[in-house]
Amino acid sequence: MHPWNEPIFQSVVARAERLPHALLIHGVQGVGKLALAERIAQFMLCEAASGAKPCGSCDGCRWYLAGSHPDFRRIEPESLAKAPELDEDEAPAKKTAKPSTEIKIEQVRGITDFLNLRSHRGRLRVALIHPAEDMTLSAANSLLKGLEEPPAGAMFLLVSHRPSQLPATIRSRCVAIPVPVPSRKVALEWLSGQGIQNAERWLAYAGGAPLRALHYAERAETLEPLLRNPGTVETRERAEELAEALQKIALDRAFTAFGLPPKYQAAAGKASPASAKAWLAYARQMGQDRLLASHPLAPKLYSADLLARLPKS
């Protein structure tokens, strides 16, 4: 877990005996929500916790850290799930389709069945869903049944980057735990500890989210040319990076056109006041167009369209 989320974790620990059956841990991407949820799950499954953190040495903690605790389930899209480790003499399976980016109803039904079973250790059974907004509508409806009538000893941990995309019925049955962006000082100290060069630049580009800043800094060699001279791209991954870069460039241009300092440090120079509305309109449209970057479109044509609509001034 990351140091800036320690106070949030301690507030949960202080209420451990009276926690609700469902927590919605939400905030912008890159602030450590998943690590916080994992820490909470370990604490709830720890069999010797006597203080403000899991012991790390009991059977429950060892099983959890090894990824084999019988009373814990984690569901997420196939695209985020870790590939299983293979033995040396075991051939990898052939890829038949691209991993899904959604959490499907079968996955949710699986944890519903799991939560209705008796605990193996006589304690809680914990289900972690990440990111919760990636559930299909049918999966969310299936989860709702469990939230409305939770089995005894069951706990749901929902992690969400965009809680507004969750059905209101799901949100209303969870206690929200907001995870804010840490202070700039704390974030820069952490990034410095990770050995990141030019941390201020990438923290600004990440909107203050340290884990996103770390990701961008590790991809600096490919991102810098994209920011200096945006052009058409050949892969879907690069298309997603281009769409994000263009939106942040447009927002920075709009800010400078209104006489404000740039937020993301994505664009050099200032835009003319007359172009402010055009840049702002483009940035707003990019909020929708960025969602298309992960769809099976031709990346080169998609990127060419984005660039063709870029304001000229």
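The values are calculated or read from the model by the stated rules, or taken from the named source; none is laboratory data. Bear in mind the structure is a predicted one, so any value in this text is a computation, not a measurement. Because the Cβ atoms are built from the backbone with ideal geometry, glycine has one as well, and the counts that use them run over all protein chains shown. Ligands, DNA and RNA are stripped out before the accessible areas are found, and what is left, the full protein with its side chains, is counted by its heavy atoms. Shrake-Rupley method; radii C 1.70, N 1.55, O 1.52, S 1.80 Å.
Among F72, F9, the order of accessible area from largest down is F72, F9, computed with a 1.4 Å probe on protein heavy atoms.
Only protein heavy atoms count here; on that basis, with a 1.4 Å probe, E189 has an accessible area of about 110 Å². Of F43, F156, F258, the residue with the greatest mean-square motion in the GNM of the chain, using alpha carbon springs below 10 Å, is F258.
Accessible area per residue for the chain, computed on protein heavy atoms with a 1.4 Å probe, is 54 Å². With the whole protein complex present, S68 retains an accessible surface near 70 Å², based on a 1.4 Å probe. In this rough spin-label picture, where each label sits 7 Å from Cα along the Cβ direction, the S164-T112 distance is 2.9 nm.
Nonpolar atom fraction for the range 186-304, defined as the carbon and sulfur part of the 1.4 Å probe accessible area, stands at 54 percent. Pick from L214, L166, L291 the residue whose mean-square fluctuation is largest in a GNM of the chain, springs joining Cα atoms under 10 Å. Judging by the Gaussian network model, the answer is L291. Computed from Cα positions, the angle between helix 236-257 and the longest principal axis of the chain comes to roughly 60 degrees. Of the residues R284, R212, R201, which exhibits the maximal mean-square fluctuation in a Gaussian network model of the chain defined by a 10 Å Cα contact cut-off? Among R284, R212, R201, the largest mean-square fluctuation in the Gaussian network model of the chain belongs to R284. Pairwise Cα separations in the range 196-259 fall into 5 Å bins from 0 onward with the following percentages, short to long: 4, 17, 25, 26, 18, 8, 2, 0.
Please compute the length gained on full extension between E224 and S68, using 0.36 nm multiplied by the number of residues separating them and subtracting their Cα-Cα distance.
52.1 nm
Spacing of the modelled spin labels on S11 and D59, each 7 Å from Cα toward Cβ, amounts to 3.5 nm. Relative to the dominant Cα principal axis of the chain, helix 137-148 is inclined by about 40°.
Considering only Cα-Cα distances, which of the following residue pairs are longer than 31 Å: K185/K248; K53/K104; K263/K300?
K53/K104
The listed residues D305, D134, once ranked by accessible area (1.4 Å probe) with the largest placed first, stand as D305, D134. Between helix 105-115 and the chain there is an angle of about 30 degrees, using the helix long axis and the longest principal axis of the Cα atoms. Note on D59: accessible area approximately 60 square angstrom, rounded to 10, probe 1.4 Å, nucleic acids and ligands left out. Tell me, how many Å apart are the Cα centres for the range 15-32 and for the range 201-215? The distance from the Cα centre of the range 15-32 to that of the range 201-215 comes to 23 Å. Count Lys and Arg as plus one, Asp and Glu as minus one, and take only other residues whose Cβ is under 15 Å from that of R309; the net charge is then +3.
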